[in-house]
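J.: To start, I am sharing the structure in question, which I have written as structure tokens.
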Amino acid sequence: MAQKSQEKGATGGAPVVTDPGRVRNVVLVGHSGSGKTTLVEALLAATGTIGRAGSVTDGTTVCDHDPAAVRQQRSVSLACAPLVHDGIKVNLLDTPGYADFVGELRAGLRAADAALFVVSAVDGMDAATAALWEECAAVDMPRAVAVSRLDHPRADFDEAVALCQRVFGDNVMPLYLPMLGDDGISTVGLLGLITRRVFDYTAGLPADVREPDPEHLPAIAESRNELIEGIIAESEDETLMDRYLDGEDIGTDVLVEDLEKAVARGHFYPVVPACAETGVGLDALLEVLTAGFPSPLEHDVPAVAGVDGSPRPPLTCDPDGPLVAEVVKTTVDRHVGRVSLVRVFSGTLRPEQTVHVSGHGLAERGHPDHDADERVGHIYTPLGASLREVGACVAGDICAITKSGSAETGDTISARDEPLLIAPWEMPEPLLPVAIVARTRSDEDALARNLARLVAGDPTMRLERNPETHQLVLWCMGEAHADVVLERLRAGGVELDTEPVRVPLRETFTVAARGHGRHVKQSGGHGQYAVCDIEVEPLPRGAGFEFVDRVVGGAVPHNYIPSVEKGVRAQMERGVVAGHPAVDLRVTLVDGKAHSVDSSDAAFQTAGALALRDAAEKGQPTLLEPVDEVTVRVPDSSVGAVMGDLSGRRARVLGSEPDTAAEGRTLVRAEVPATELLRYAVELRAMTSGTGTFRRHFVRYDPMPAHLAEQIRKENTP
């Protein structure tokens, strides 16, 4: 993986490949502010893909074209930026570093065959980046590290490498060392450990390659020995270590070949210093991306099945195989319409081709299962927001299609005569609710249109129209995600407000009580006459509603008894304390009166409702709140803080246990009132430096503490 001179390509040309072996799909991973987008911009400029590098602060970068990204000066969505180096097309997938946009990161991981972790030489890394390394390790994804921001006065390359080695583990080793300038501060070149050459960037790219100065030799020798031992330990040639220990000077070609194989297998993780601002190390990094990372031919295709769930044999990355592609991102452009970013795993996607689009398994998030045949129009190579038309997209490559009527993020595109469904990737659960209200009737129509577009492109957002609270609730990943969603809605011409989220409560009786309902009216002509007496008893939680008829002597005619039950049920739906449905009651009709002329179905319904309300004044009604079982996954160091916080949320901690899926993490289980979880997604992230996650599911309703119930009663009393 020795450096090669960089040839500039034609600015703006759309790279086209017909051989999957000439493609590399690389996702950039790192915390917000580590310099991923700036690094992509520098690589695009270094390869001649763009004329000059843009700036994040100026909002002129290729990848951060979203208005929300420009305003916040950080990536909020996945972007694809292809370049060509040494005849290899590299699809760089720039992902947001902020935890709220983990859905975009997951999409980037799905579309990629290798990951480049960008670690700041100034700020190091966050815990979420460390957790993601373990996630990539679980699926043997090849990885490399770029240490960025070397031009900063506080940059410390050695400390950044030491941090990576502590956090990421074995076989994380630098291929180059930074070379400082005469001022002893600025980085002007690299010391190549394998080639034992100096790459001097004083005059810019390409680097001037020369012999090292005497003062460089000790540093090169020490780090080179460690690197060579690491490479040889992963070599398939078992004799190489013995030869090295016997003092043989292993050839550079042998070392480079073994290094590239170890990196492609995901067993060795090279570290490259790279400075986007000065160009130092950009050509070295391009060599790692093209020569070290594997092509799609070396990456397994996700499992596929028939649209009915029937099993299908595994596929390979074959341009002549069955068509299987996946929509990894969907956006709606006001000029172009719907734009789908597509990773082709098998077959070849061609213009004017009729394909089958399938989306299954996300109905609970507002994505109903759907199957449709559609004709593909034009096919494009995306460069950020720009679309450059190409003639086809072969297996292993990434492209964009436009104006699909049904394609949503996560959908499978396959042949019309052989429809298939690709195994979905893991979608994080949105757990922060935001209730929104349109300001006017016309805004309601615009809101519905814009929400449909957002839901189609963002599977991490869930749309809920709560039938009990009558609120429209957007479930988001966190506050930053919610801000972006609301900004996009407003940019679509929707005037809206947010309001506090209301949790659906229940009401019940705590003691037995009798109720008397009398509905008698005379206003000329037929009047209204109905009297009934009931007994109300509380039932065990979850028992539901029972209605018992114990009327004797025909005090209430048989044909009006269902009317009393109907009135009781209607009043239970309206509530008896604070407007929430009443549950878990047995209502017994014991007596009543009727009139031969003025009694009616409507009159006895009203009397039944009045009787329940009368009983409520004596039955000591109480409010019930939903209780969720919560499983919190946190680092071991955060267990104490999380348990203490749960106790403050009126939780009943059920216990904790080591997380078998990840070393150094613990699962904490607890039952928590849903009213205490409205902002838990935000607060848990703050407690655990972004590494804590949780799942929840409803288990039952429990009585609400008296002081909280009384507060809600007062809020609902006119």
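J.: To one decimal place, what orientation-averaged projected area in nm² is obtained for the convex hull of the Cα set of segment 55-182? Kindly include the intermediate steps, with their values, before the conclusion.
T.: On the way: hull surface 37.9 nm².
One quarter of the hull surface, i.e. the mean projection, equals 9.5 nm².
J.: Roll a 1.4 angstrom probe over the protein heavy atoms and tell me the percent of accessible area of segment 217-357 that is carbon or sulfur. Working shown, then result.
T.: Working: 2960 of 6030 Å².
Ligands and nucleic acids excluded, carbon and sulfur reach 49 percent.
J.: Sticking with this one: Find which of I232, P322, L259 sits farthest along the positive direction of the dipole of segment 216-340, computed with +1 on the beta-carbon of Lys and Arg, -1 on that of Asp and Glu, about the Cα centre.
T.: Checking the options against the dipole of segment 216-340, the answer is P322.
J.: Could I ask something else about it? Could you work out the local net charge near V552, counting Lys and Arg as +1, Asp and Glu as -1, over the other residues with Cβ closer than 13 Å to its Cβ?
T.: With Lys, Arg at +1 and Asp, Glu at -1, the neighbours total -2.
J.: Could you give the distance between the Cα centres of segment 179-206 and segment 542-584, to the whole Å?
T.: 85
J.: I've got another one for you. Could you do me a favour and compute the accessible area per residue for segment 571-615, 1.4 Å probe, result in Å²? Numbers along the way, then the final one.
T.: On the way: 1660 Å² over 45 residues.
Result: 37 Å² per residue.
J.: If you don't mind, another one. List the residues whose amide H sits under 5 Å from the amide H of L539, counting only those 5 or more places along or on another chain, with H placed 1.01 Å from N in the peptide plane.
T.: Under 5 Å from the amide H of L539 lie the amide H atoms of L585, R586, each far enough along the sequence or on another chain.
J.: Can you say what percent of the DSSP beta bridges in segment 1-131, counting only those with both residues inside, are antiparallel? Round to 5.
T.: Here the antiparallel bridges make up roughly 45 percent for segment 1-131.
J.: Let me ask something else about it. Enumerate the amide H contacts of S346 below 5 Å, restricted to partners 5 or more residues apart or on another chain; note that Pro and chain-start residues carry no placed amide H.
T.: Amide H neighbours of S346, under 5 Å, 5+ apart: V324, G396.
J.: Here is a further query. For K261, go through the lysines and keep the ones whose alpha-carbon is under 19 Å away, minus same-chain ones fewer than eight residues off.
T.: Cα-Cα hits under 19 Å: K4.
J.: Then there's this: Name the residue farthest towards the positive end of the dipole of the chain from the options F694, T95, L43, assuming +1 on Cβ of Lys and Arg, -1 on Cβ of Asp and Glu, about the Cα centre.
T.: F694
J.: Before I look further, what does segment 123-279 give for accessible area per residue, probe 1.4 Å, in whole square angstrom? Please report the intermediate quantities before stating the final value.
T.: On the way: 7410 Å² over 157 residues.
Result: 47 Å² of accessible area for each residue.
J.: Same structure again: Under the rule that a partner needs its Cβ under 4.7 Å from the first Cβ, which Cys of the chain have none?
T.: When partners are defined as cysteine Cβ atoms under 4.7 Å apart, the chain leaves C63, C80, C136, C164, C275, C317, C476, C532 without one.
J.: Ignoring ligands, DNA and RNA, what percent of the accessible area of segment 37-78 is carbon or sulfur (1.4 Å)?
T.: So the carbon and sulfur contribution to the accessible surface is 47 percent.
J.: Report, by chain and number, residues whose modeled amide H sits under 5 Å from the one on V332, excluding near sequence neighbours (fewer than 5 apart, same chain).
T.: Result for V332 returns V339.
J.: With +1 assigned to the C-beta of every Lys and Arg and -1 to the C-beta of every Asp and Glu, and no other charges, what is the dipole magnitude of segment 242-349 about the Cα centre in debye, to the nearest 20? Each step should come with its number before you reach the end.
T.: Values: 8 positive and 18 negative charges, 196 e Å.
Roughly 940 debye, rounded to the nearest 20.
J.: Quick one: compute a quarter of the convex hull surface over the Cα atoms of segment 328-420 and quote it in nm².
T.: 5.8
J.: Quick check: the angle from helix 102-111's long axis to the longest principal axis of the chain, C-alpha only, nearest 10 degrees?
T.: 50
J.: Return the distance in nm (one decimal) between the two label points of a simple spin-label model at R441 and E629, each offset 7 Å from Cα along Cα→Cβ.
T.: Once both label points are built, they end up 4.8 nm from each other.
J.: Scaled to the compact-protein estimate 2.2 N^0.38 Å, what is the alpha-carbon radius of gyration of segment 140-272, rounded to two decimal places?
T.: Working: Rg = 15.4 Å, N = 133, 2.2 N^0.38 = 14.1 Å.
Computed over Cα atoms of segment 140-272, the ratio equals 1.09.
J.: Determine ³J(HN,Hα), in whole Hz, for all residues of segment 262-275 in sequence, where each value follows from phi through the Karplus function 6.51 cos²θ - 1.76 cosθ + 1.60 and θ = phi - 60°; x replaces Gly and Pro.
T.: These are the phi-based 3J(HN,Hα) values: 5, 5, 5, 7, x, 10, 9, 10, x, 10, 10, x, 8, 10 Hz.
J.: So if I restrict to the alpha-carbon atoms in segment 525-595, what is the Rg, and what is Dmax, the biggest pairwise distance, in Å?
T.: Taking only Cα atoms of segment 525-595, I get Rg and Dmax of 13.3, 46 Å.
J.: In whole Hz and in residue order, list the ³J(HN,Hα) couplings for segment 323-332 that follow from phi through the Karplus curve 6.51 cos²θ - 1.76 cosθ + 1.60, θ = phi - 60°; x for Gly and Pro.
T.: Ordered by residue, 3J(HN,Hα) equals 6, 9, 9, 9, 7, 8, 7, 10, 10, 10 Hz.
J.: For segment 580-718, with all protein chains present and a 1.4 Å probe, just round the carbon and sulfur fraction of the accessible area to a whole percent.
T.: C and S atoms contribute 50 percent here.
J.: What is the percent of Cα-Cα separations in segment 593-718 that go past 18 Å?
T.: More than 18 Å apart: 64 percent of the Cα pairs in segment 593-718.
J.: How far is helix 479-491 tilted, in degrees, relative to the longest principal axis of the Cα atoms in the chain, given as a value from 0 to 90 rounded to the nearest 10?
T.: 80
J.: Let me ask something else. Could you size up the charge dipole of segment 139-262 around its Cα centre, putting +1 on the beta carbon of Lys and Arg and -1 on that of Asp and Glu, and report it in debye to the nearest 20?
T.: 580
J.: Related question: Please calculate the 1.4 Å probe accessible area of S186, with all protein chains present, and give it to the nearest 10 Å².
T.: 50
J.: Separate question: Could you bin all the Cα-Cα distances of segment 206-344 into 10 Å bins starting at 0 and give me the percent of pairs in each, rounded to whole numbers?
T.: With a bin width of 10 Å, the distribution comes to 9, 24, 26, 20, 13, 7, 1.
J.: Could you derive backbone 3J(HN,Hα) for segment 94-100 from the dihedral phi with the Karplus parameters 6.51, -1.76 and 1.60 (θ = phi - 60°), listing whole Hz in sequence and x where the residue is Gly or Pro?
T.: For segment 94-100, the Karplus curve yields 8, 10, x, x, 7, 4, 4 Hz.
J.: What number comes out for accessible area per residue over segment 475-563 if the probe is 1.4 Å? Units Å², please.
T.: 50
J.: Which of the pairs K521/K714; K593/K714; K566/K618 have their Cα atoms more than 24 Å apart in this structure?
T.: K521/K714; K593/K714
J.: With everything on Cα atoms, drop me the angle between helix 639-648 and the longest principal axis of the chain, reported from 0 to 90° to the nearest 10.
T.: Orientation of helix 639-648: about 20 degrees from the principal axis.
J.: Quick check: the distance between the Cα centres of segment 641-718 and segment 274-341, to the nearest angstrom?
T.: Using only Cα atoms, the two centres lie 38 Å from each other.
J.: At 7 Å along Cα-to-Cβ for each site, give me the label-to-label distance between R613 and D183 in nm.
T.: About 8.1 nm, to one decimal.
J.: Beyond 12 Å, what share of the Cα-Cα pairs of segment 130-190 remains, rounded to the nearest whole percent? Let's see the in-between values first.
T.: Values: 1316 of 1830 pairs.
Across segment 130-190, Cα pairs with separations above 12 Å total 72 percent.
The values are calculated or read from the model by the stated rules, or taken from the named source; none is laboratory data. For clarity, every value in this text was computed on a predicted model and none was experimentally measured. Don't worry about glycine lacking a Cβ; one is built from the backbone with ideal geometry, like all the others, and counts go over all protein chains shown. The accessibility values were calculated without ligands, DNA or RNA, using every heavy atom of the protein model including side chains. Shrake-Rupley method; radii C 1.70, N 1.55, O 1.52, S 1.80 Å.
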